[in-house]
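Quick notes on the structure that follows.
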Protein chains: 2
Amino acid sequence: MGTGSSGSAATPDRRGRPRIRVLRVGHRAGRDPRLTTHVALVARAFGAEAMYLHPPDDGVARSLAGVRERWGGTFEVLPAPSWKDVLRSSSAPVVHLTMYGLPLARALPALRRERELLVVVGGAKVPPALYGAATYNVSVGSQPHSEVGALAVLLAELRGLPGPRPLPGARHRIVPSARGKAVVVARAGSGR
Amino acid sequence: MGTGSSGSAATPDRRGRPRIRVLRVGHRAGRDPRLTTHVALVARAFGAEAMYLHPPDDGVARSLAGVRERWGGTFEVLPAPSWKDVLRSSSAPVVHLTMYGLPLARALPALRRERELLVVVGGAKVPPALYGAATYNVSVGSQPHSEVGALAVLLAELRGLPGPRPLPGARHRIVPSARGKAVVVARAGSGR
């Protein structure tokens with residue numbers, strides 16, 4: 001299943017949950033910008049610190065910068081011209097989400113013990129070398145579905161369901177509502 | 001939060017989990033077929049029985065028919081020219097997934113007691129009337145992210161993580177692997 005200790009100096013976050021970065025491989029600019037944007041938004045909303053995007057796409061990075069400006073936090077999309085370089089320069093164990101992998105339920109105890117993780121999701125065509133490069137190849141069910149769905153479920157299992165609290169620096173924040181849409185907007189000139 | 005009993009004659013499945021159908025509202029054909037296809041694939045992989053698609057899109061329905069042919073099960077995409085008609089003709093309580101809704105963690109106990117549910121996800125523009133028509137408006141975090149991710153997490157919470165077992169009638173089935181891609185293909189002429 002892969003090593004249980006990362007051997008790095010990384011520390012988990014305050015609640016003992018693994019720190020997570022995501023790597024999205026095989027993005028096809030112009031082909032499906034919304035799908036990759038959804039991967040990034042899920043990574044952000046479920047507590048990942050950043051997403052490396054291979055190949056890079058300024059449009060996606062700008063969308064997420066706009067989300068950060070409005071909704072706060074520090075999540076960013078970082079360009080990854082080479083996915084192999086991301087793996088080489090990362091000390092974190094690598095979890096590759098793939099329908100061919102071992103069931104998530106069985107991998108979870110080991111994953112939860114890690115201090116940090118690099119979660120890799122591919123698109124329609126996954127580079128074959130990725131399977132051997134990963135510490136863990138993990139599936140969320142053995143049916144074809146969506147990297148967006150698989151990532152959300154994995155992150156919810158590792159970091160818990162995201163809650164209603166706004167992120168630091170948010171200019172807009174939602175007030176959860178049973179029936180409507182309640183958003184509080186920071187006053188102009190009120191600083192951060 | 002909404003009524004706890006559906007008052008219908010529906011029965012939950014053998015394990016006492018709610019039966020689920022999904023309604024995808026606001027699909028824009030030609031604009032983003034892959035996103036709606038991912039919603040359908042997640043609905044299928046995480047145990048929903050069918051997805052109503054509004055407005056209808058034969059291309060998406062055909063994609064899912066191809067997945068069913070290869071990977072088994074009975075999940076289908078059904079055309080929904082009117083989303084209001086789907087709600088009117090459904091006896092199931094309606095769960096609308098929206099970032100403006102009440103946090104999922106608080107709604108889960110009531111949702112898990114339901115025998116059946118109709119889960120509604122919208123796209124970029126959600127019809128305002130949907131909020132009032134829903135039994136529950138529920139959020140998976142109060143950040144903008146993805147209907148694909150929200151649906152996957154909700155279904156995993158209601159029906160458990162999908163496992164590695166193939167569905168009835170599958171012609172292809174994956175053998176979970178730590179390192180590679182192992183698929184068993186039914187022999188031609190071997191029936192189902």
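A few comments on the model shown:
- Cα long-axis angle, helix B:104-113 against chain B (0 to 90 degrees, to the nearest 10): 80 degrees
- Calculated label separations, B:R70, copies of the chain, 7 Å along the beta-carbon direction, nm: 3.6
- When the convex hull of its Cα atoms is projected in every direction, mean area for the range B:59-105 (nm²): 5.5 nm²
- The residues of the protein assembly as shown expose on average 45 square angstrom of accessible surface per residue, using a 1.4 Å probe on protein heavy atoms.
- With R₀ set to 41 Å, the beta-carbon distance separating A:S177 from A:R14 gives a calculated FRET efficiency near 0.90.
- Accessible surface of chain B [probe 1.4 Å, protein heavy atoms]: carbon and sulfur percent: 51 percent
- Amide H within-cut-off set for B:A170, under 5 Å, with H built and near neighbours excluded: B:G73
- 0 to 90° range, to nearest 10: angle between helix B:33-45 axis and chain B longest Cα axis: 80 degrees
- Amide H within-cut-off set for B:E116, under 5 Å, with H built and near neighbours excluded: B:R19
- Note on the protein assembly as shown: the alpha carbon radius of gyration divided by the globular reference 2.2 N^0.38 Å gives 0.96.
- D (Stokes-Einstein, µm²/s), Kirkwood Cα radius, the range A:8-107, 0.890 mPa s at 25 °C: 168 µm²/s
- Legend: distances between Cα atoms for B:K84/B:K125; A:K181/B:K84; A:K125/A:K181; A:K84/A:K125; pairs beyond 27 Å are A:K125/A:K181.
- Calculated SAXS-style log₁₀ I(q)/I(0) at q = 0.08, 0.17 Å⁻¹ - chain B, Debye, Cα scatterers: -0.27, -1.15
- Its DSSP H runs of at least 4 residues, each contributing -39,500 (n - 2.57), put the calculated 222 nm mean residue ellipticity of chain A at -9500 deg cm²/dmol, to the nearest 500.
- The three principal axes of the Cα atoms in the range B:7-66 give end-to-end lengths of 39, 23, 15 Å, sorted in falling order.
- Residues of the range A:159-187 buried by at least 30 Å² of accessible area upon assembly of all protein chains, compared with the chain on its own (1.4 Å probe): A:L161, A:P162, A:P164, A:I174, A:P176, A:S177, A:A178, A:R179, A:K181.
- Point-charge dipole on Cβ atoms (K/R +1, D/E -1) for chain A, about Cα centre, debye to 20: 700 debye
- Global size of the range A:80-123: 11.6, 33 Å for Rg and Dmax (C-alpha atoms, Rg to one decimal, Dmax whole).
- Rounded Å value of the spacing that divides the Cα centres of the range A:72-101 and the range B:128-165: 26 Å
- Computed from protein heavy atoms with a 1.4 Å probe, the total accessible area buried between A and B is close to 4700 Å².
- Inter-copy label distances at B:A178, shortest first and taken from points set 7 Å along Cα to Cβ: 5.1 nm.
- Debye, to nearest 20: dipole size of the protein assembly as shown, +1 on Lys, Arg Cβ, -1 on Asp, Glu Cβ: 420 debye
- Two numbers describe the Cα atoms of the range A:101-192: Rg and Dmax, which are 18.5, 52 Å.
- Between the helical axis of A:58-71 and the longest alpha-carbon principal axis of chain A there is an angle of about 50 degrees.
- Copies compared at B:R28 - label distances in nm, ascending, label defined 7 Å from Cα in the Cβ direction: 2.0
The values are calculated or read from the model by the stated rules, or taken from the named source; none is laboratory data. Predicted model, so just to flag it, every value in this text is computed and none were measured. Here Cβ is always computed from backbone atoms with ideal geometry, including for glycine, and neighbour counts include all displayed protein chains. The area values use the complete protein model at the heavy-atom level, side chains included, leaving out ligands, DNA and RNA. Shrake-Rupley method; radii C 1.70, N 1.55, O 1.52, S 1.80 Å.
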